[in-house]
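K.L.:
After the structure tokens below, expect a handful of questions from me.
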There are 2 protein chains.
Amino acid sequence: MPDLLGDAFERIQDEVDSAFDAFLPVPQDTRARLVEAMRYAAIGGGKRVRPLLVVATAELYGVNRDAAVNAGCAIEAIHAYSLIHDDLPCMDDDELRHGKPTLHRKFDEATAVLAGDCLHALAFDILTQPDTSSDPFVRAELVATLARASGHEGMAGGQMMDIVSEQQAYDLRQITRLQQLKTGALLAASVEMGAVLGRIPPEGRTHLRAYARDIGLAFQIADDLLDVEGDETKAGKALRKDAGQGKQTFVTLMGAEQARAQAEMLVEQAGRHLAGHGEDARLLVELAQFIVRRDH
Amino acid sequence: MPDLLGDAFERIQDEVDSAFDAFLPVPQDTRARLVEAMRYAAIGGGKRVRPLLVVATAELYGVNRDAAVNAGCAIEAIHAYSLIHDDLPCMDDDELRHGKPTLHRKFDEATAVLAGDCLHALAFDILTQPDTSSDPFVRAELVATLARASGHEGMAGGQMMDIVSEQQAYDLRQITRLQQLKTGALLAASVEMGAVLGRIPPEGRTHLRAYARDIGLAFQIADDLLDVEGDETKAGKALRKDAGQGKQTFVTLMGAEQARAQAEMLVEQAGRHLAGHGEDARLLVELAQFIVRRDH
């Protein structure tokens, strides 16, 4: 039996790496160090869950593959910049990411701040290239979706709530809101951008948004479980950090068993939202299952 | 005699402050601190040279004023984020900005990194709002212009060259290139975006680009002169930093007198590029003169 999801991951990983390689030629001047740092962060790391979500959603609507890969790279550039900045000494002060030294450890802090900023700008640069869509309306809507999902009303807002949670005990409602922003917003944007590329109007995206909301929450519950139960070598980053920082998580609030059951329930529910697509949505359904069953 | 430039500055400062106030309502949750930090950086600080450039250029082509103010706010959001990140301890480690404590001093470093990132995203969010342009082609082109000007091929690339210049002596050609990127790219984008809003095709923007290139260089020469000769109280930030870091500047390479003459020459030349617009370009011409004659 062919490994649909495994093959899809392998293919998207290659495509994203090639695309970043083409987006980021190293200049022949003193900016070389900056671009090398961007390449260090963008190429050859990460599972590429977000680009795969874009591509798998776009496939439902027959979107050109290269266009969807470009949009996936834009989201991945945002994801990569956020990891670089989150790893900084003034934030989480992490040493390892994807099994390699974090960017500020490999280069230096100033380069890490700047490389993150440049990947942030690159994301929007990519989305406005005609290769991503020949339709300026689609390009503008992709930018709007990603800017909203990554700023203070999305990912970065969730990151701020996360920082505050070290000093303030959150309840389950607050933790859910935090995670919907910090992790969920960018996962939801990935699905949304696949639909934007497919020219599906907002009213035709309800089932996709429901799918994205469920997998976003399941993803974070799985992350919280991995933080408690995972293997640092497989994760390629430091674990057991939540407990060390005294943070509330889905696991501390619900217990590991109930958290796992909740994640499994969300994934099943996510799959049901896509039932109308039949076999066409198999990749998205398997991706949802992967999200809770992954060991890293 | 009415003070055309003084009135224009006063008006745009009010407009930009009001617009940011509207873009950034403080949320009723733990993201409040983040949005307060964004407001601290974005409201009530800076001369608003870049928004005035957008508005004055857009006026040449009869663009709706609110649309041009929005685009000006987007550039100012990028400018503000770059100042926050440049002021960080791992970068320039500055204590004062616009006469107030820098953001990481007033809040903390993690909030400063995040608030900068959020202003960065806000810039693109603003540009994709229908209020900025009802034409998605214009919105997409505004985003493309700003993303390119602010990333590794523009402002942030110049910032990296600047960091490297502390260890490596640059010649005049390299300093010119550095400044064209670090300061010039965003000033040029301001003029360019005014033309994009006016639906002027690239081939009709040659004279504007020439104007922008000249004032960009003049701006930086004036900055280098101010770093040597300026008053810290008026500047609202630390000066004499270039010499302390052993950096080459236009002043160290050309001498103060020749640098001043060069800046004056560039400003005259900038004005001549706009001769075809006659009196309509008076504000842009006066703005160019202000750029070299300002005392802060």
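K.L.:
Rounded to the nearest 100 Å², what's the accessible area chains B and A bury against each other, both chains counted, probe 1.4 Å?
P.N.:
Approximately 4100 Å² gets buried when B meets A.
K.L.:
Work out from phi, with θ = phi - 60° and the Karplus expression 6.51 cos²θ - 1.76 cosθ + 1.60, the ³J(HN,Hα) of each residue of segment A:268-279, listed in order in whole Hz, and give x for Gly and Pro.
P.N.:
4, 4, 4, x, 5, 4, 9, 3, x, 7, x, 4
K.L.:
Another question about this same structure. Amide H neighbours of B:Gln248 under 5 Å, counting only residues 5+ apart in sequence or on other chains, H built in-plane at 1.01 Å?
P.N.:
Under 5 Å from the amide H of B:Gln248: B:Tyr170.
K.L.:
Return the sequence-ordered ³J(HN,Hα) values of segment B:118-132 in whole Hz as given by the Karplus equation 6.51 cos²θ - 1.76 cosθ + 1.60 applied to θ = phi - 60°, using x for Gly and Pro.
P.N.:
6, 5, 4, 5, 4, 3, 6, 4, 4, 5, 9, 7, x, 4, 6
K.L.:
For B:Gln245 and B:Thr206 in the same chain, what is the full-extension length gain: residue separation times 0.36 nm, less their Cα-Cα distance, in nm?
P.N.:
Numbers: separation 39, 0.36 × 39 = 14.04 nm, distance 3.71 nm.
Difference between extended and current length: 10.3 nm.
K.L.:
Follow-up. Do you know the relative contact order of segment B:180-296, to the nearest whole percent, from alpha carbon pairs under 8 angstrom that are 6+ apart? Mind showing how you got there, number by number?
P.N.:
Details: 115 pairs, mean separation 38.2, N = 117.
Reported relative contact order: 33 percent.
K.L.:
Step through the residues of segment B:189-200 one at a time and calculate ³J(HN,Hα) from phi using the Karplus curve (6.51 cos²θ - 1.76 cosθ + 1.60, θ = phi - 60°), rounding each to whole Hz and writing x for Gly and Pro.
P.N.:
5, 4, 5, 4, 5, x, 6, 4, 4, x, 6, 8
K.L.:
What residues of segment B:84-104 lie in the reach of a label at B:Asp231, counting those whose backbone N is under 15 Å from a point 7 Å from the Cα along Cα→Cβ?
P.N.:
B:99
K.L.:
Relative contact order for chain A using alpha-carbon pairs under 8 Å, separation at least 6, rounded to a whole percent?
P.N.:
Values: 417 pairs, mean separation 56.0, N = 296.
It comes to 19 percent, rounded to a whole number.
K.L.:
Shielding of A:165-174 by partners, i.e. mean partner chain Cβ atoms within 10 Å per residue? Intermediate values should be presented prior to the final figure.
P.N.:
Working: counts 1, 0, 1, 1, 0, 1, 0, 0, 0, 2.
Average per residue, whole number: 1.
K.L.:
Then there is this: Among the trypsin sites (Lys or Arg not before Pro) in segment B:95-162, which ones are in a DSSP loop with at most 16 other Cβ atoms within 10 Å of the Cβ? Mind listing them?
P.N.:
Passing sites in segment B:95-162 do not exist.
K.L.:
Show me B:205-217, B:250-262 ranked by packing, highest mean number of other Cβ atoms within 10 Å first.
P.N.:
Final packing ranking: B:205-217, B:250-262.
K.L.:
On average, how much accessible surface per residue is there in segment B:89-133, in Å², for a 1.4 Å probe, leaving out ligands, DNA and RNA?
P.N.:
33 Å²
K.L.:
Report, by chain and number, residues whose modeled amide H sits under 5 Å from the one on B:Arg97, excluding near sequence neighbours (fewer than 5 apart, same chain).
P.N.:
Those qualifying (amide H under 5 Å, at least 5 residues apart or on another chain) are B:Thr102.
K.L.:
Okay, next question. How far apart are the B:Ala22 label points across copies, placing each 7 Å from Cα toward Cβ, in nm, shortest first?
P.N.:
Taking the point 7 Å beyond Cα along Cα→Cβ, the inter-copy spacings are 4.1 nm.
K.L.:
Multiplying the sequence separation of A:Val26 and A:Leu172 by 0.36 nm and subtracting their Cα-Cα distance, what value in nm do you get?
P.N.:
Extending this stretch completely gives an extra 47.9 nm.
K.L.:
Divide the volume of the convex hull of the Cα atoms of segment A:4-293 by its number of residues and quote the answer in cubic angstrom per residue.
P.N.:
Once divided by residue count, the hull of segment A:4-293 is 120 Å³.
The values are calculated or read from the model by the stated rules, or taken from the named source; none is laboratory data. Being a predicted model, the structure only gives us computed values, none of them experimental. So basically every Cβ, Gly included, is an ideal-geometry build from the backbone, and we count neighbours across all protein chains shown. When the accessible area is computed, the model is the full protein with side chains, heavy atoms only, and any ligands, DNA or RNA have been set aside. Shrake-Rupley method; radii C 1.70, N 1.55, O 1.52, S 1.80 Å.
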